[in-house]
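Below: the structure, in structure tokens.
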Amino acid sequence: MSDTSIEIRGLRRRFGENEALRDVSLSVAPGEIHALLGPNGAGKTTLLRILTGLVTADGGEVAILGRPIGEIGFRAYHKQVGLVPSGDRSFYLRISGFENLLFFARLQGLPRRDAAARAMELIRDVGLEDAAKRPVGLYSHGMQKRLSVARGLLTTAAVLLVDEATHDLDPEGARRVQDLVDAAAQRGTAIIWTTQRLDEIRGFAHRVTVLDRGMVRFQGTVPALMARSVPRRYVLRLAHDADVLGAGQGALAPVGELMRGAGEIDDHYVLVLMDGASLGQALGHLLGAGVEIIACTEERSGIEDAFLNVVRGAAT
């Protein structure tokens, strides 16, 4: 195994006839936020359960900080690994949010004074100071999710596993959580972040792994995933002419397609490039046909489209 914080090689897990994971490999370096994406049933939850020791792999290797996961004792593991689960139901509902965090901090070995200070610090960080003394049973789902994030950050863990932490959070709450996780990464924590809100990984995650039907379909940077978003689209503003659409469509036939833009603005059009064609080629064809181009703006398809292109491409 390498000196990365999380190292997974050739991971396999089967449930009856279903192969939940098929030869999955990935690594996460200290300070890296690694996003894990995939449709329902892709294997994301199974992978996290193996990393937390709740499920045993059928084959492959998993190491945390260079040690096989099976060789790490319970107490040492929980000092090294923080977890923010999805759909968490493990809080004590009759006691307050602060008392819950204090209990879990003590369970992880923090002295009482340090545990109390850390619990209150995190209560403030996730925006729950007004509800700190309120029983968790009276918390909304979003508030419980923020408390779950605070619990995952109680210790200065070397590894943090985050499962859909921003689900059901409003934009402000989601941003608070991302900021806390990003701060942990800047301190050197290696993070696996699973999400169905694909837009949130842009400018946040360093690398991304796309899982589908238990297999790795894509692995790389977020911009590299975005580059899989095809076809490429551009909004053109063209000098108004009675036949500009017909002239443009005829000129672009070898490299793309020109369509009238949405709305009521007569001089705006959408250019869709064919695979292998460049923007320069398309603009050259338009200029050669006498079409005057006033402005050109890229309208690249969203990260959701890139994700779907990766998954659909793997299915063909």
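Here is how the numbers come out for the structure above:
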{"read-out": "Within region 1-47, considering residues that are under 23 Å from Arg202 (Cβ atoms) and free of Cβ contacts under 8 Å to residues at least 40 places away in the same chain, the one surrounded by the most Cβ atoms within 10 Å (Cβ to Cβ)", "value": "Ser27"}
{"read-out": "Test: Thr52 is assigned by TED's automatic domain parsing to the domain that holds Ala183, modelled with pLDDT under 90 and within 21 Å of Val210 (Cβ to Cβ)", "value": "no"}
{"read-out": "Single match in Arg124, Arg146, Arg106 (criterion: more than 26 Å from the chain's Cα centre (by Cα) and among the basic types (Lys, Arg))", "value": "Arg106"}
{"read-out": "Pairs where the first residue, in region 216-228, is touching a residue at least 40 places away in the same chain (Cβ under 8 Å) and closer than 10 Å to His206 by Cα and the second is part of a loop (DSSP other than H, G, I, E, B) and aliphatic (A, V, I, L, M), C-beta under 6 Å, 6+ apart", "value": "Val222/Ala205"}
{"read-out": "Residue list for region 63-93, filter: of a type in the set (Ser, Thr, Tyr) and within 27 Å of Ala174 (Cα to Cα)", "value": "Ser86, Ser90, Tyr92"}
{"read-out": "Any hit, region 160-181, residues being touching a Gly at 6+ places or on another chain (Cβ under 9 Å), farther than 30 Å from Arg112 by Cβ and in a helix (DSSP H, G or I)", "value": "yes"}
{"read-out": "Selected residue (criterion: farthest from Leu236 (Cα to Cα)) from residues of region 252-275 that are loosely packed, with under 15 Cβ neighbours inside 10 Å and at pLDDT 80 or above", "value": "Pro254"}
{"read-out": "The one condition in (1) in contact with a helix residue (DSSP H, G or I) (Cβ under 7 Å, 6 or more places away or on another chain); (2) closer than 17 Å to Val235 by Cβ; (3) modelled with pLDDT of 85 or more that Leu245 fails to fulfil", "value": "(1)"}
{"read-out": "Checking Tyr139 against (1) at pLDDT 90 or above; (2) crowded, with 21+ Cβ neighbours inside 10 Å; (3) not acidic (Asp, Glu), the condition it does not meet", "value": "(2)"}
{"read-out": "Gly60 on the phi > 0 side of the Ramachandran plot, of a type outside the set (Phe, Trp, Tyr), modelled with pLDDT of 95 or more and assigned to a loop (DSSP other than H, G, I, E, B)", "value": "no"}
{"read-out": "Residues of region 11-31 satisfying the condition of being under 22 Å from the mean Cα position of the chain (by Cα) and either on the phi < 0 side of the Ramachandran plot or not in a loop (DSSP other than H, G, I, E, B) (or both)", "value": "Leu11, Ala20, Leu21, Arg22, Asp23, Val24, Ser25, Leu26, Ser27, Val28, Ala29, Pro30"}
{"read-out": "Region 158-171 residues that are on the phi > 0 side of the Ramachandran plot, paired with ones that are among the charged types (D, E, K, R) and surrounded by 23 or more Cβ atoms within 10 Å (Cβ to Cβ) (beta carbon under 7 Å, 6 or more apart)", "value": "Asp168/Lys145"}
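Yes/no per residue for (1) buried (at least 18 other Cβ atoms within 10 Å of the Cβ); (2) closer than 29 Å to Gly41 by Cα; (3) not assigned by TED's automatic domain parsing to the domain that holds Thr45:
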{"position": "Leu102", "(1), (2), (3)": "yes, no, no"}
{"position": "Leu110", "(1), (2), (3)": "yes, no, no"}
{"position": "Met143", "(1), (2), (3)": "yes, yes, no"}
{"position": "Thr156", "(1), (2), (3)": "no, no, no"}
{"position": "Thr194", "(1), (2), (3)": "yes, yes, no"}
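The values are calculated or read from the model by the stated rules, or taken from the named source; none is laboratory data. Bear in mind the structure is a predicted one, so any value in this text is a computation, not a measurement. Note: ideal-geometry Cβ built from the backbone for every residue, glycine included; neighbour counts use all protein chains shown.
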